[in-house]
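One structure is given below, encoded as structure tokens.
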Amino acid sequence: QVRLVESGGDLVQAGGSLRLSCGVSGIILGSEVVVGWYRQASGNQRDRIAYSYGDGGADYVDSVKGRFSISRDSTKNAVFLQMNSLKPEDTAVYYCNFPYDPRPWGQGTQVTVSS
């Protein structure tokens, strides 16, 4: 059974940084596995914000491009999201999952950015 556990969320001032982690169990983050970070602001739908491809490539939505960076560590079977220059509009619950093979969502981690 695949389990996703997100952590690292916090309350931070605008302009600050956070690093989110996603621990993955039940599936190996091999080079063929695409993994992504998503976020859901209160009252909104859950949206994809970043994908990590096994070959080292990554893709970002425009709103986070240049500020966020997705990475993975195969030795820890984990995925990370480095978030810099945070803005109040980044406030949301953040999740990880597999875009082409979705699994049950984890509990997410809350990121709150104050102005």
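Points worth noting:
- Selected residue (criterion: surrounded by the most Cβ atoms within 10 Å (Cβ to Cβ)) from residues of region 1-26 that are touching a Gly at 6+ places or on another chain (Cβ under 6 Å) and not in a strand (DSSP E or B): VAL2
- Which numbered condition ARG48 fails, given (1) within 16 Å of LEU81 (Cβ to Cβ); (2) open to solvent by less than 40 Å² (accessible area, probe 1.4 Å): (2)
- Of all the criteria given as (1) within 15 Å of SER69 (Cβ to Cβ); (2) touching a Phe, Trp or Tyr at 6+ places or on another chain (Cβ under 9 Å), the one not satisfied by ILE27 is (1).
- Residue identified as charged (D, E, K, R) and over 29 Å from GLN1 (Cβ atoms) among ARG39, ARG67, ARG72: ARG67
- Restricting region 79-101 to residues that are within 23 Å of VAL33 (Cα to Cα) and open to solvent by less than 10 Å² (accessible area, probe 1.4 Å) leaves a set whose member that is farthest from the chain's Cα centre (by Cα) is PHE98.
- Considering ALA41, ALA58, ALA92, the condition of being in contact with a Lys or Arg (Cβ under 6 Å, 6 or more places away or on another chain) and over 14 Å from ARG19 (Cβ atoms) is satisfied by ALA92 alone.
- Hits in region 102-115 - residues which are in contact (Cβ under 8 Å) with a residue 40 or more places away in the chain, more than 17 Å from ASN44 (Cβ to Cβ) and surrounded by fewer than 18 Cβ atoms within 10 Å (Cβ to Cβ): ARG103, PRO104, GLN107, SER114, SER115
- A search for C-beta distances below 7 Å between a residue of region 60-88 that is among the basic types (Lys, Arg) and any residue that is surrounded by 12 or more Cβ atoms within 10 Å (Cβ to Cβ) and part of a loop (DSSP other than H, G, I, E, B), counting only pairs 6+ apart in sequence or on different chains, returns ARG67/ASN84; ARG67/SER85; ARG72/LEU29; LYS87/ALA14.
The values are calculated or read from the model by the stated rules, or taken from the named source; none is laboratory data. All values derive from a computational prediction rather than experimental measurement. Methodologically, a virtual Cβ is constructed for each residue, glycine included, from the backbone with ideal geometry; neighbour enumeration extends over all protein chains shown. For accessibility, only protein heavy atoms count, side chains too; no ligands or nucleic acids. Shrake-Rupley method; radii C 1.70, N 1.55, O 1.52, S 1.80 Å.
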